[in-house]
Amino acid sequence: MTNWCGTHGYSRAQPMVISTLSFVVDCHMSARWAMQHQTYDDVVLAAIALGNDTDTTACVAGGIAGLRGGLNEIPARWRDGLRSREIVDDLAWKLVAERS
């Protein structure tokens, strides 16, 4: 089996102790750590590489990275593969309209 993390340049050996065991504070600390990466996909992949509660951590990190970089920072191949995208797009545009 190929080590996914190793082939993408991410290592479970991190410079600080980060726990990803489903606690809110741990999730936010992990997401904050992942935000040191520059691109949206690197942030999300780094959050996943931490292990344990990867879906929650990657979701939080991806949300923050999306706020930082905007919609176009999210790789098109990820956006295009989103299930029920029409529902998400509709809700996103309504949210944008309410902020205006």
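Each value in this text was obtained by applying a stated rule to the coordinates, not by laboratory testing. On a predicted model such as this, the values are computed, not experimentally measured, just so you know. With ideal geometry, Cβ positions are generated from the backbone for all residues, glycine too; neighbour counts draw on all protein chains shown.
Structural remarks
- Subset of the range 81-90 [surrounded by 10 or more Cβ atoms within 10 Å (Cβ to Cβ) and over 18 Å from the mean Cα position of the chain (by Cα)]: ILE87, ASP89, ASP90
- For the range 69-100, filtering for residues that are closer than 18 Å to THR39 by Cβ, of a type outside the set (A, V, I, L, M) and not in a helix (DSSP H, G or I) leaves 3.
- Residues that are in contact with a His (Cβ under 9 Å, 6 or more places away or on another chain) and more than 15 Å from MET29 (Cβ to Cβ) within the range 50-100 comprise just one, ALA65.
- Residues that are among the hydrophobic types (A, V, I, L, M, F, W, C) and either touching an Asp or Glu at 6+ places or on another chain (Cβ under 8 Å) or not in a helix (DSSP H, G or I) (or both), drawn from the range 30-61: MET35, LEU50
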